[in-house]
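The values are calculated or read from the model by the stated rules, or taken from the named source; none is laboratory data. As the structure is a computational prediction, the values presented were derived from the model and not from experiment. Neighbour counts are summed over all protein chains in view; Cβ atoms, including those assigned to glycine, are modelled from backbone coordinates with ideal geometry. Just the protein is used for accessible areas: all its heavy atoms, side chains included, with ligands, DNA and RNA removed. Shrake-Rupley method; radii C 1.70, N 1.55, O 1.52, S 1.80 Å.
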Amino acid sequence: MGHVIHVMLEKAMNNILQNKRILIVGGSSGIGLAVAKQACTAGGKLIIASRNAAEKHNDLVAAVGHDIETYSFDMTSENETATALKKIGNIDHLVITARPEITPALFVETDFKQAKQAFETKFWGQYQLIQKAQGHISQHGSIVMTTGIAGEKIFKNFSTMAIINSATEVLCRQLAMELAPIRVNIVSPGFVAPKSQAVEKYAQQFPSGKIALPEEVADAYVYLMANPYTTGISVVIDGGARLI
């Protein structure tokens, strides 16, 4: 009997996103690619977008293990975003995992142009994408943004990301009110592999004793897409990093 229940639960989990069209922007690597794999396993129909996703189509199909759609566009570009969304059409869920490149540095030493570019990508890119995509999203669907542990916990050298992540948290709550019944949530990952040896050693003091695998973080995105009564929240997946 226990085996039968296990099989039934596993089958249910494997179909929680059955036939849902899911657009993952930033889905060609890291956490985004892990979300794509798990969403496909849960029955979703995946659309992966990034600056070079279309060029990597065959590799992404092989990595995900399912047939997918791919589109290349820069979400900081108004024209590229609008053109791509018109081609993509209607979706059920929008997941944004794109992240900027920024060199960690003390506030007084941070390159101002690099900090502005990080805001352009991580905050204003999400802002613009959601503004243009919301009309394509099912009223029973959702948006899942990504922040990070910088902002949840203060670290030296990460002031720019802390500010961006905090601003995104506020944006999430505002949009959960304004875009309802579309649900809007956030996943806030801690330290996720691959990381340097120094970071891996630092993570040994967390209650979890290690950094996260992308797959462990991806579970949260699938949950937020599937749960119809969850909106306006941030799910922190940090292995207890905030506690030390």
>> Rounded to the nearest 10 Å², what accessible area does MET161 have for a 1.4 Å probe in the complete protein model?
In response: 30 Å²
>> Which lysines, if any, have their Cα less than 20 Å from the Cα of LYS56, not counting same-chain residues under 8 positions apart?
In response: LYS37, LYS45, LYS87
>> Explain nothing, just compute: Karplus ³J(HN,Hα) = 6.51 cos²θ - 1.76 cosθ + 1.60, θ = phi - 60°, for every residue of the stretch 220-229 in order, whole Hz, x for Gly and Pro.
In response: 5, 5, 4, 4, 5, 5, 7, 7, x, 10
> Amide H of ILE233: which non-local residues (sequence gap of 5 or more, or other chain) have their own amide H closer than 5 Å, using H built in the peptide plane?
Replying inline: ILE186
> Given a 1.4 Å probe and the protein chains all in place, what does the accessible area of THR121 round to, in Å² to the nearest 10?
Replying inline: 20 Å²
> So what is the accessible area of the stretch 98-180 per residue, in Å², with the probe set to 1.4 Å?
Replying inline: 56 Å²
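Taking R0 as 25 Å, what's the FRET efficiency between ASN90 and TRP124 from their Cβ-Cβ distance, rounded to 0.05?
Values: r = 25 Å, r/R0 = 0.99.
E(calc), rounded to 0.05, equals 0.50.
Grab the other residues whose beta carbon is less than 11 angstrom from that of ILE22, score K and R as +1, D and E as -1, and report the net.
Details: positive: LYS20, ARG21, LYS45; negative: GLU69, ASP92.
Counting the neighbours of ILE22, the net charge comes to +1.
State the percentage of accessible surface on the stretch 1-145 attributable to carbon and sulfur atoms; use a 1.4 Å probe and exclude ligands, DNA and RNA. Don't skip to the answer; put the middle values down first.
On the way: 4090 of 7770 Å².
So the carbon and sulfur contribution to the accessible surface is 53 percent.
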>> Between (1) 11.2; (2) 14.3; (3) 13.4, which entry matches mean projected area of the Cα convex hull in nm² as derived from the coordinates of this structure?
In response: (2)
>> Pick from ILE143, ILE68, ILE24 the residue whose mean-square fluctuation is largest in a GNM of the chain, springs joining Cα atoms under 10 Å.
In response: ILE68
>> Using Cα-Cα distances under 8 Å and only pairs 6 or more residues apart, what relative contact order does the chain have, in percent?
In response: 18 percent
> Dividing the alpha-carbon Rg of the stretch 1-143 by 2.2 N^0.38 Å yields what?
Replying inline: 1.20
>> Can you compute the charge dipole magnitude of the stretch 1-148 about its Cα centre, using +1 on each Lys and Arg Cβ and -1 on each Asp and Glu Cβ, nothing else charged? Give it in debye, rounded to the nearest 20.
In response: 320 debye
> How far apart, in nm, are two points set 7 Å out from the Cα along the Cα-to-Cβ line at TYR202 and at ALA180?
Replying inline: 3.9 nm
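Let's see if you can work this out: charge +1 on each Lys and Arg Cβ, -1 on each Asp and Glu Cβ, no other charges. What is the dipole magnitude of the stretch 81-138 about its Cα centre, in debye to the nearest 20?
Values: 7 positive and 5 negative charges, 53 e Å.
So the magnitude is around 260 debye.
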>> How much length would be gained if the chain were fully extended between LYS132 and ILE154, taking 0.36 nm per residue of separation minus their Cα-Cα distance, in nm to one decimal?
In response: 4.7 nm
